[in-house]
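The values are calculated or read from the model by the stated rules, or taken from the named source; none is laboratory data. Because the structure is predicted, anything quoted here is derived from the model rather than measured. Heads up, the Cβs are rebuilt from the backbone with ideal geometry, glycines too, and the neighbour counts pull from every protein chain shown. Areas reflect the complete protein model, heavy atoms only, side chains present, ligands, DNA and RNA absent. Shrake-Rupley method; radii C 1.70, N 1.55, O 1.52, S 1.80 Å.
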Amino acid sequence: MKVLVTGGVRSGKSRHAERLLDGYDAVTYVAAGPTVEEDADPDWALRIAAHQERRPAGWTTVETRDLATALAVAGPVLVDCLGTWLTATLDAADAWDAPADQVHAMVEGSLEDVAAALRAAGGTVVLVTNEVGLGVVPEHRSGRLFRDLLGTVNQRLALECDEVHLVVSGRVLRL
């Protein structure tokens, strides 16, 4: 089964995604974004540590931007979160100031690789993402670019999933 879990910031979407995998002894948790070593932001390292503390001991954490490879592991996979993956992908390509059509083409190419890996994944996969249609996005070029790209990512990967869950204030709506 493949599930896309979406919601606003602090909606409870990550905890809901973790609950979907209750009962599995071994889960690969993919911190989709920069590795702690790549990112100079201490908040990122704290976020990864907080997630590791609350998860079962049998879960393995993988920090990567390479979602296609991360989805190729055997067993259940939880990817958290597509928004951080997108930001890290744009950062790594130094793409924030590139022409929007070039950025869209770059992301769509990466997205096709992720979609193919998701289709090929044999086990349960739960993807966590921010729902940009409900969130406050700054009205400047980078904010609009992020909103539009993450909307594309969400829509494209939702097509590959069996279920989509919207989480608002800890409440889950299965779409």
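Overview of results
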item: Strands (runs of 3 or more DSSP E) fully within region 1-75 counting 2 or more residues that are surrounded by fewer than 17 Cβ atoms within 10 Å (Cβ to Cβ); result: 60-64
item: Matching entry among Leu46, Leu82, Leu90 (being closer than 26 Å to Arg174 by Cβ and not acidic (Asp, Glu)); result: Leu82
item: Which listed residue, of Asp101, Asp113, Asp91, Asp97, is surrounded by fewer than 21 Cβ atoms within 10 Å (Cβ to Cβ), in a helix (DSSP H, G or I), without any contact (Cβ under 8 Å) to a residue 24 or more places away in the chain and acidic (Asp, Glu); result: Asp101
item: Qualifying residue in region 128-148 (condition: in contact with a strand residue (DSSP E or B) (Cβ under 6 Å, 6 or more places away or on another chain) and open to solvent by less than 40 Å² (accessible area, probe 1.4 Å)); result: yes
item: Restricting region 149-175 to residues that are in contact with a Ser or Thr (Cβ under 8 Å, 6 or more places away or on another chain) and in a loop (DSSP other than H, G, I, E, B), the residue that is surrounded by the fewest Cβ atoms within 10 Å (Cβ to Cβ); result: Ser169
item: Matching residues in region 76-88 - criterion: being farther than 12 Å from Ala26 by Cβ and not in a loop (DSSP other than H, G, I, E, B); result: Val79, Asp80, Leu82, Gly83, Thr84, Trp85, Leu86, Thr87, Ala88
item: Pairs, first closer than 12 Å to Val126 by Cα in region 51-80, second part of a helix (DSSP H, G or I) and among the hydroxyl-bearing types (Ser, Thr, Tyr), C-beta under 9 Å, six or more apart; result: Leu78/Ser14; Asp80/Ser14
